[in-house]
Amino acid sequence: MTEKLNWGIIGTGAIAKTFASALAKSRTGELIAVASRTQEKADEFSESFQIPPAKRYRNYSALLTDKDVQAVYIATPHPLHAQWTIKAIEAGKHVLVEKPMAVNQYDAQAMVEAARAHNRLMMEAFMYRCHPQTRALVDLLKQKTIGNVRVIQATFSFRGGFNPDSRLYKNALAGGGILDIGCYPVSIVRLLAGAAMGADFADPLDLKAVGHLESTGVDGYSLAILKFPGEILAQIAGGIAVNQENVVRIFGTEGRIFLPNPWVADRANPTIGKIIIHRNGQPEPQEIDCPADVTAFTLEADAFGDAVLAGKTQASAPAMTWADSLGNIATLDAWRSQIGVVYDFEKPQGYPSVTVADRPLTVASNHRMRYGSLPNVKKKISRLVMGVDNQRTLPHAMVMFDAFFEQGGNTFDTAFVYGGGTMEPLLGHWMKNRNVRDNVVVIAKGAHTPHCNPLAITQQLTQSLDRLQTDYADIYIMHRDNPEIPVGEFVDVLNREAKAGRIKAFGGSNWSLARVEEANNYAKKHGLHGFSLVSNNFSLARMVEAVWDGCIAASDSESRAWFAHTQFPLFAWSSQARGFFTDRAHQDKSLNDAEMNRCWYSDDNWQRRQRVLELAEKKKVLPINIALAYVLFQPFPTFALIGPRVLEELRTSLPALDIELTPPEVAWLNLSE
Ligand SMILES: NC(=O)c1ccc[n+]([C@@H]2O[C@H](COP(=O)([O-])OP(=O)(O)OC[C@H]3O[C@@H](n4cnc5c(N)ncnc54)[C@H](OP(=O)(O)O)[C@@H]3O)[C@@H](O)[C@H]2O)c1
């Protein structure tokens, strides 16, 4: 290589200095700039590393405008990783970000989305992954040197004196052992469990943990046990309040491996790695030396530099890939959750009022959302509707809702019963925190069986509005019908609520079309408002059996004809048939989950799926995009409820908005009925 990769460093603390020294020995990189929060610290740092005055920046943003900087190393405390990674990527830089990549998996997903969108290399800095010792260990397990791996033990823990204002103990800086140091044991047991199964990494099926919390609410030390596929179990320990034996042990059916220095963290000198193998029945262990000419930090800089120069967006495993990092942080989330470490900035009162990228929430100017309308609802209604039924935590909800809103999505479908009542507050917090209530269409649902009666509508709506921190729902939908109650009683109470201003428009979900007609005949006769929408299941795949008790679909030709004739708006739930058009569905029933087999598996559906695959190939989109476009291109108003659990699912759903399906294509997809 003739030219070197030009690096800039953000943050001038302990690890920044280590990395700057490491770059001095790098084959591929050169340090040319630094940014600190103060000029004084930038200057002081630069003196040690010969950075010229013009490249010593007194704020982080300034470094990102430096055209000479190609790669940025982010060496700040954890809560700043996500925002500065995203800003650097958006400024066109490649990013090596210190571990843990982010404070939770949702912020990390936003970072991956940014790197993907801007085609930049982004890597989480686990330097031990770049040392030859780690690669040699992976190879040994792949070769089954100790037979089948059964148990892995990994520890990284040190005693840092308690100081509530230090990075390690401070709640606002996401202190604690799990994120700071527990990320290493997590990453190595995932790496080794994966290697034992011939993969780059594995994610645990289960995790249990105990821990000791400090007075600042961060974990001082903690232990976790993990269960992996392939009959592999792991024990891990991490801590900032106790010195432990920082080693890795792997036990297999034919022997064991001991790693006395797994983290190869010497900052000044190259580490000669050592792997000690004890084979069953052999008295003497075998010792393998794994020398390196430079420190693991230099090896890391070069693994990164080699990948950039090869035009990649991810370094090769065992250095961290995006999927590996996302699995790691998800495991750290699970570990933290088990011992109750929730940082103050992850709680409703402390949540930042800006997005992961540190910006006020706005709609992207290049969004592709389409909109429709409903009588009595003055706001435009996005034709994709975000389901508020699976966001488990506030950070999860905030990141997903922000991303949907940025893409022009403004309509959210909640329900009194979702998450046992825990979902509505998340949407409420988000709307309040982002100050977007006036821009959002809230669909509230209530009166689910067994409380499907007029009184429950009022009582539950009061509670829902309280949880949603609002005084009205733009759209109210009865979650179920109760045919034992005369329809007029429902229409009366819904009109009372509309008159009181607590709902603007209303409709029924899982209502038979005959009952909807009955309701609207009653309304007409009594000079009242009738239902203005129906929310039943609707998708290209026909629901063979109801997903949940009492569910009704409107996908059949008779229902479609009714909608086409009445032009009644349909809010289609499970519009993407709960994964039937993704790789999750297999014609071999034994590979499907129970719901897939029970609800979506039929010869007709497989034929439709086949046509979806053909058209997707032709239009160069994902099959799921065709399935969603089918819902949007009906001869009557439709809104498609989608339930992305992660940002990737949201991203891969959106291209449906760009597809134009002709009526013959729609008919052909539907087997030309
Ligand atoms: N890979 C490894 O072996 C390794 C080892 C240690 C740490 N790390 C990781 O590296 C990151 C930094 O750790 P460190 O030990 O270098 O920390 P540190 O010594 O405290 O330095 C962090 C730097 O971040 C900047 N910063 C920005 N906002 C800050 C704030 N509110 N409070 C304190 N500092 C702030 C400061 O630089 P300016 O004042 O110049 O802006 C500070 O010097 C952490 O994420 C940690 O997990 C990795």
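The values are calculated or read from the model by the stated rules, or taken from the named source; none is laboratory data. As the structure is a prediction and not an experimental result, all values here were calculated from the model. Methodologically, a virtual Cβ is constructed for each residue, glycine included, from the backbone with ideal geometry; neighbour enumeration extends over all protein chains shown. Calculation scope for accessible area: heavy atoms of the full protein, side chains included, ligands and nucleic acids excluded. Shrake-Rupley method; radii C 1.70, N 1.55, O 1.52, S 1.80 Å.
Between R370 and T566, what FRET efficiency follows from the Cβ-Cβ distance if R0 is 25 Å, with the result rounded to 0.05? Walk me through the numbers on the way to the answer.
On the way: r = 21 Å, r/R0 = 0.86.
Plugging the Cβ-Cβ distance into 1/(1 + (r/R0)^6) gives 0.70.
Projected onto the charge dipole of the chain (+1 at Lys/Arg Cβ, -1 at Asp/Glu Cβ, origin at the Cα centre), which of L259, A234, Q50 gives the Cα projection farthest towards the positive end?
Farthest towards the positive pole: Q50.
Taking the Cα centre of the stretch 371-669 as origin and charging only Cβ (+1 Lys, Arg; -1 Asp, Glu), how large is the dipole, in debye to the nearest 20?
On the way: 32 positive and 33 negative charges, 130 e Å.
Roughly 620 debye, rounded to the nearest 20.
Go ahead and run the numbers for FRET between H278 and R584, Cβ-Cβ distance against an R0 of 41 Å, rounding to 0.05. Mind showing how you got there, number by number?
Numbers: r = 42 Å, r/R0 = 1.03.
It comes out at approximately 0.45.
Report, by chain and number, residues whose modeled amide H sits under 5 Å from the one on Q407, excluding near sequence neighbours (fewer than 5 apart, same chain).
The list, which skips near neighbours in sequence, is A364.
Got a sec to turn the phi values of the stretch 29-39 into Karplus ³J(HN,Hα) couplings, 6.51 cos²θ - 1.76 cosθ + 1.60 with θ = phi - 60°, whole Hz, x for Gly and Pro?
Values, residue by residue: x, 9, 7, 10, 8, 9, 10, 10, 6, 9, 4 Hz.
Dividing the Cα radius of gyration by the Kirkwood radius, what Rg/Rh value follows for the stretch 441-516?
Details: Rg = 11.4 Å, Rh = 12.2 Å.
Rg/Rh for the stretch 441-516 comes to 0.93.
Which lysines have a Cα lying under 26 Å from the Cα of K170, excluding residues fewer than 8 positions away in the same chain?
K17, K41, K87, K99, K208, K347
Between E545 and V363, how high is the FRET efficiency from 1/(1 + (r/R0)^6) when r is the Cβ-Cβ distance and R₀ = 51 Å? Nearest 0.05.
On the way: r = 39 Å, r/R0 = 0.77.
Efficiency for this residue pair is about 0.85.
Charges on Cβ only, +1 for Lys and Arg, -1 for Asp and Glu, centred on the Cα centroid of the chain; of G177, L650, G527, which one is farthest towards the dipole's positive end?
Result: G527.
Find the lysine pairs in the stretch 371-669 meeting two conditions, Cα atoms under 21 Å apart and a separation of 8 or more places or different chains, and report how many there are.
19
For a protection proxy built on the mean count of beta-carbon atoms within 10 angstrom, sort 14-21, 318-325 highest first, please.
On the way: 14-21: 19.1, 318-325: 22.9.
So the order, starting with the most tightly packed, is 318-325, 14-21.
Is the shape of the stretch 5-125 rounded, prolate or oblate, going by the alpha carbon gyration tensor and its root eigenvalues a ≥ b ≥ c, with a/c under 1.5 for rounded and a/b larger than b/c for prolate? Don't skip to the end; give the middle numbers.
Details: a/c = 1.65, a/b = 1.54, b/c = 1.07.
Judged from the Cα gyration tensor, the stretch 5-125 comes out prolate (a/c at least 1.5, a/b above b/c).
Pull up all non-local amide H partners of L121: gap of 5 or more, or a different chain, and H-to-H distance under 5 Å with H placed in the peptide plane.
Those qualifying (amide H under 5 Å, at least 5 residues apart or on another chain) are V95.
Label E660 and Q607 with points 7 Å out from Cα along Cα→Cβ: what is the distance between them in nm?
3.0
Sorted by average packing, counted as other Cβ atoms within 10 angstrom per residue and highest first, what order do 502-510, 285-293, 182-190, 206-214 take?
On the way: 502-510: 24.0, 285-293: 13.2, 182-190: 27.8, 206-214: 16.3.
For the peptides 502-510, 285-293, 182-190, 206-214, the packing ranking is 182-190, 502-510, 206-214, 285-293.
Determine Rg/Rh for the stretch 393-451; Rg is computed over alpha-carbon atoms and Rh is the Kirkwood hydrodynamic estimate from the same atoms.
On the way: Rg = 11.8 Å, Rh = 12.0 Å.
My calculation of the ratio gives 0.99.
Using a ≥ b ≥ c from the Cα gyration tensor of the chain (square roots of the eigenvalues), is it rounded, prolate or oblate, where a/c under 1.5 gives rounded and otherwise the larger of a/b and b/c decides, a/b for prolate?
Here the chain falls in the prolate category.
What shape does the stretch 61-189 take by its C-alpha gyration tensor, where a ≥ b ≥ c are the square roots of the eigenvalues and a/c under 1.5 counts as rounded, a/b above b/c as prolate, and the rest as oblate?
Details: a/c = 2.40, a/b = 1.33, b/c = 1.80.
Here the stretch 61-189 falls in the oblate category.
Can you sort E284, E649 by solvent-accessible area, 1.4 Å probe, largest first? Each step should come with its number before you reach the end.
Numbers: E284 135, E649 75 Å².
Order by accessible area, largest first: E284, E649.
In nm, to one decimal, how far is the modelled label at K144 from the one at S61, with both set 7 Å along Cα→Cβ?
In this crude spin-label approximation the distance works out to 5.9 nm.
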